[in-house]
Amino acid sequence: MSEAQLSVEPLFSTPLARFQVDDFVNTYIDLDFDIENDDDWFQNPKQKNVWNHQSHDILAEEGYENLSKMVQSAVETYLYNVLCYSKEIKAVRTSSWITIGHDESATAEHLHTNSLYSGILYLKSLPKSGDLYFVTNDNPNYTSTTIKPQPVTFNIFNSSSYRVTPNTGDIFVFPSHLRHGVTPNTSGESRCALAFNYFVEGPISDDHTNYLYLKYETH
């Protein structure tokens, strides 16, 4: 009897897209300023050594047009090329904000509510600035809810967590319900990230019994 051929399919995945912009140069945020005395910034009460810009949609601000186009292109590529949505369904940005994490800063595990797709564009991320990590819930797909055998080697099929090391210019796009966080920044310098949330607009389904058309309105 010949040896059986193994084929494994990663069913029902949660796709994480990474866009690497090799020639990216941060000309948008000057990180050498007195952030504690700048009214445009406030210290995040839930994240250690993390500061947030006051704007709830920084990509709509003057001077951020190129970044807005980069993010929009990445999200559209994710929706149309990865998820294969109809181009009648439009990607609509609902919010975007900038965070600066000083030395020893960390971002606690969280998810994004009131949005469908989220992402992060790294304006500055040096070696040891902190890894971006993702986690599943307590009941991963590879085993049952009643027993959870411990793997001796982790891979894409049996892991409940995953981490990546961002570089300056990287853009990540993922479903908003995916829990994520950032490990401590030990680089000795600040890291800077632009986060964003998206919804969709248009004919979501034309099926007779579950027809849905969404229209996003700003206030």
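Give region 127-149 a look and list any residue that's modelled with pLDDT of 95 or more and among the aliphatic types (A, V, I, L, M), or say none.
Of everything in region 127-149, just one residue is modelled with pLDDT of 95 or more and among the aliphatic types (A, V, I, L, M), namely L132.
For region 136-156, indicate whether the set of residues that are surrounded by 13 or more Cβ atoms within 10 Å (Cβ to Cβ) and in contact with a strand residue (DSSP E or B) (Cβ under 9 Å, 6 or more places away or on another chain) is non-empty.
For region 136-156, residues surrounded by 13 or more Cβ atoms within 10 Å (Cβ to Cβ) and in contact with a strand residue (DSSP E or B) (Cβ under 9 Å, 6 or more places away or on another chain): present.
Kindly provide the set of residues from region 1-39 that are of a type in the set (G, A, S) and surrounded by 12 or more Cβ atoms within 10 Å (Cβ to Cβ), ordered by number.
Correct list: A17 only.
Is there a residue in region 161-179 that is open to solvent by 10 Å² or more (accessible area, probe 1.4 Å), farther than 26 Å from V8 by Cβ and not hydroxyl-bearing (S, T, Y)?
Within region 161-179 (the criterion being open to solvent by 10 Å² or more (accessible area, probe 1.4 Å), farther than 26 Å from V8 by Cβ and not hydroxyl-bearing (S, T, Y)), the answer is yes, since at least one residue qualifies.
Mind counting the residues in region 13-28 that are modelled with pLDDT of 85 or more and more than 21 Å from R163 (Cβ to Cβ)?
6
Does F42 fit the bill of being open to solvent by 50 Å² or more (accessible area, probe 1.4 Å), over 17 Å from T168 (Cα atoms) and in contact with a Phe, Trp or Tyr (Cβ under 8 Å, 6 or more places away or on another chain)?
In short, yes.
Looking only at region 58-75, filter to residues that are surrounded by fewer than 16 Cβ atoms within 10 Å (Cβ to Cβ) and in a loop (DSSP other than H, G, I, E, B); which one of those is nearest to the chain's Cα centre (by Cα)?
E61
Residues that are among the hydrophobic types (A, V, I, L, M, F, W, C), touching a Cys at 6+ places or on another chain (Cβ under 6 Å) and under 17 Å from T27 (Cβ atoms): does region 60-72 have at least one?
Checked region 60-72: no residue is among the hydrophobic types (A, V, I, L, M, F, W, C), touching a Cys at 6+ places or on another chain (Cβ under 6 Å) and under 17 Å from T27 (Cβ atoms).
Run Q47 past the list (1) modelled with pLDDT under 90; (2) surrounded by 10 or more Cβ atoms within 10 Å (Cβ to Cβ); (3) farther than 24 Å from T136 by Cβ and report the number of the one that doesn't hold.
(3)
Pick out the one residue from Y85, Y117 that is touching a Ser or Thr at 6+ places or on another chain (Cβ under 7 Å) and not hydrophobic (A, V, I, L, M, F, W, C).
Among Y85, Y117, only Y117 is touching a Ser or Thr at 6+ places or on another chain (Cβ under 7 Å) and not hydrophobic (A, V, I, L, M, F, W, C).
Looking at region 176-198 only, could you name the residues that are closer than 23 Å to Y28 by Cβ, charged (D, E, K, R) and not in a loop (DSSP other than H, G, I, E, B)?
Across region 176-198, the qualifying residue is only R191.
The values are calculated or read from the model by the stated rules, or taken from the named source; none is laboratory data. Everything quoted here is computed from the prediction, not taken from an experiment. Backbone-built Cβ (ideal geometry, glycine too); neighbour counts: all protein chains shown. When the accessible area is computed, the model is the full protein with side chains, heavy atoms only, and any ligands, DNA or RNA have been set aside. Shrake-Rupley method; radii C 1.70, N 1.55, O 1.52, S 1.80 Å.
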